[in-house]
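The values are calculated or read from the model by the stated rules, or taken from the named source; none is laboratory data. All values reported here derive from a predicted model rather than from experimental measurement. Cβ sites come from the backbone with ideal geometry, for glycine too, and all protein chains shown count toward neighbours.
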Amino acid sequence: MNFLGHARLSLAGSDNFLFGNLIADGVRGSDLSDWSPEVEAGIRFHRRCDAVIDAHPETRWLLTQVPPSSRRVAGIALDMIWDHLLAAEMHDDDIERLYRLLAREEVPSRLSSLIEWIQVRDALRRYRELEFTLATIASIGERMTARRRLRQTSDTCQTSDTCKPSDSRNGRHTHRVGSLDAGANPLADMTPWLADNRAMLEDSFARLWPDMLALRQPPAI
């Protein structure tokens, strides 16, 4: 799940518990002793929710429906669509609470650029807009493509005597290692399918989300 999905499941908890849920993707390893007990509980709850939704029968079924070329990254797109569907029911007070917590100094450094992007664009509110959400999905794909291209170019340079510039075919610059097109953006390619199948996605989410709500922690945390 993405920010709003995890937030929706942990809003009833303390600020520290909610904070742990929001930053968990930026925390590595199983040793969480550097964090307070409430933040640690939030991080572990986040991880549990991710494991449950990834293994959910509805998620597995949806992954069989997406275009095969995008299947490997489809989970990212689905997480964003769930945020889009949840955004409409998020109150402004809850959104402001999330922004306040994301501004904490303890936020892991690996999340800093992402959080800045979210804050500058008011993304947690704008996920209500399908067009914005789809554009964000494509943008994530662009960043993944850029990293993959850089990595594959580096690998090619390390295994050859010279570093050749990228091929240019029909004005498109690509690097290829094996059969993988380093310039491909399967997330962007998936956005038309997401738009065309919004009703199906809403129906799937309606079947999936009650099982996620059942995981919610008691307000005392």
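Residues ASP203, ASP189: which one is over 30 Å from GLY42 (Cα atoms) and at pLDDT 95 or above?
Just a single option satisfies the conditions, and that option is ASP189.
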Filtering segment 23-74 for residues that are of a type in the set (D, E, K, R) and over 23 Å from ILE115 (Cα atoms) leaves a count of 6
Checked pairs for segment 3-23, first over 13 Å from PRO37 (Cα atoms), second among the acidic types (Asp, Glu) and not in a loop (DSSP other than H, G, I, E, B), C-beta under 7 Å and 6 or more apart or across chains, list as PHE3/ASP83; LEU4/ASP83; GLY5/ASP79; GLY5/ASP83; LEU11/ASP94
- Query: Residue check: is ARG125 of a type outside the set (Val, Ile, Thr), assigned to a helix (DSSP H, G or I) and touching a Pro at 6+ places or on another chain (Cβ under 9 Å)?
  - Reply: no
Per the filter on segment 80-104, residues among the acidic types (Asp, Glu) and surrounded by fewer than 20 Cβ atoms within 10 Å (Cβ to Cβ) are GLU89, ASP92, ASP93, ASP94, GLU96
inquiry  = If I filter segment 105-119 for residues that are surrounded by 14 or more Cβ atoms within 10 Å (Cβ to Cβ), of a type in the set (Lys, Arg), touching a residue at least 60 places away in the same chain (Cβ under 8 Å) and farther than 17 Å from THR191 by Cα, do I get at least one hit?
reply    = no
Selection from segment 11-58 of residues buried (at least 17 other Cβ atoms within 10 Å of the Cβ) and of a type in the set (Val, Ile, Thr) yields ILE23, VAL27, VAL39, ILE43, ILE53
